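The block underneath contains the structure these notes are about, expressed in C-alpha cells.
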Amino acid sequence: MDSRGLRLLEDARYRVAESWCHDADARNADGLEVDPWDDDAASWSLLGAMVAVLEEEARLWGEMPLDDLAAAMYALSGLIETESLAGWNDDPRRTQEAVLEMLDRAAASYVEPEMLVQLSSS
C-alpha cells in the first residue's frame, strides 16, 4: 500500500536531513527567508518541509486526501508536546538531529487512516 501520509513524513525528513533551519519556514542558500515551495529554498523547518512536500504532492498528484494528512499529523501529535510545529522547531535548544529523530519516530508509529477510524470508534 502506498500511503501518502507516510510518504509526507518521509519526504519531509529527507528535506530536513538535506538542510534544516529555524525561525523561518524555509531559507535560500544565502540564508534569506523564502516560501517553503520556492525553487530557491535550500533549508526547511519541520513545518516548512511538510508544506513543501504538500505543495509538491499537489502539483504531481493533486491535493493530499485529508485523512492521509490527518494520519501524518496524528503521528506527530503523539510526539510533540506543543500546539505549534513551528514553535517546537524554533525552540533554541532544538537541533536538526532532534527533528530527524522525531520524524523517524512519527514514521515508525504511523497508522493508516482506515486504522485510525477503527481505533477511534472502539
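The values are calculated or read from the model by the stated rules, or taken from the named source; none is laboratory data. Quick caveat, the model's predicted, so the values are computed rather than measured. Every residue, glycine among them, receives a Cβ derived from its backbone with ideal geometry; neighbour counts consider all protein chains shown.
Inside region 53-91, residues that are under 21 Å from ALA41 (Cβ atoms), assigned to a loop (DSSP other than H, G, I, E, B) and at pLDDT below 85 make up a count of 2.
Do the conditions hold for SER43, that is, is it under 14 Å from the mean Cα position of the chain (by Cα) and hydroxyl-bearing (Ser, Thr, Tyr)? So SER43 fits the description; yes. Please verify whether LEU76 is in contact with a strand residue (DSSP E or B) (Cβ under 9 Å, 6 or more places away or on another chain) and either of a type in the set (D, E, K, R) or under 13 Å from ALA12 (Cα atoms) (or both), treating the condition exactly as stated. Judged against the criteria, LEU76 is not a match. Scanning region 28-36 turns up no residue that is modelled with pLDDT under 95, out of contact with any Cys (no Cβ under 6 Å at 6 or more places or on another chain) and not in a helix (DSSP H, G or I). Residues of region 92-115 that are in a loop (DSSP other than H, G, I, E, B), modelled with pLDDT of 95 or more and closer than 10 Å to ALA75 by Cα: none at all. On the basis of being touching a Cys at 6+ places or on another chain (Cβ under 9 Å) and not in a loop (DSSP other than H, G, I, E, B), does GLY48 make the cut? The answer is yes for GLY48.
Can you confirm whether region 7-24 contains a residue that is in contact (Cβ under 8 Å) with a residue 40 or more places away in the chain, acidic (Asp, Glu), out of contact with any His (no Cβ under 7 Å at 6 or more places or on another chain) and assigned to a helix (DSSP H, G or I)? For region 7-24, residues in contact (Cβ under 8 Å) with a residue 40 or more places away in the chain, acidic (Asp, Glu), out of contact with any His (no Cβ under 7 Å at 6 or more places or on another chain) and assigned to a helix (DSSP H, G or I): present.
When region 37-55 is limited to residues that are touching a strand residue (DSSP E or B) at 6+ places or on another chain (Cβ under 7 Å) and closer than 12 Å to ASP11 by Cβ, the one that is surrounded by the most Cβ atoms within 10 Å (Cβ to Cβ) turns out to be TRP44. Looking at ARG105, ARG27, just one residue is in contact (Cβ under 8 Å) with a residue 12 or more places away in the chain, farther than 12 Å from GLY5 by Cα, surrounded by 17 or more Cβ atoms within 10 Å (Cβ to Cβ) and charged (D, E, K, R), and that residue is ARG27.
Of all residues being of a type in the set (A, V, I, L, M, F, W, C) and surrounded by fewer than 22 Cβ atoms within 10 Å (Cβ to Cβ) in region 6-20, which is modelled with the lowest pLDDT? Just the residue, please. Here the residue is LEU6. In region 64-85, the residues that are of a type in the set (A, V, I, L, M) reach residues that are outside any helix (DSSP H, G or I) and at pLDDT 90 or above with C-beta atoms within less than 9 angstrom, at least six apart or across chains, in these pairs: ALA71/TYR110; ALA72/TYR110; ALA75/SER109; ALA75/TYR110; LEU79/SER109; LEU85/SER45.
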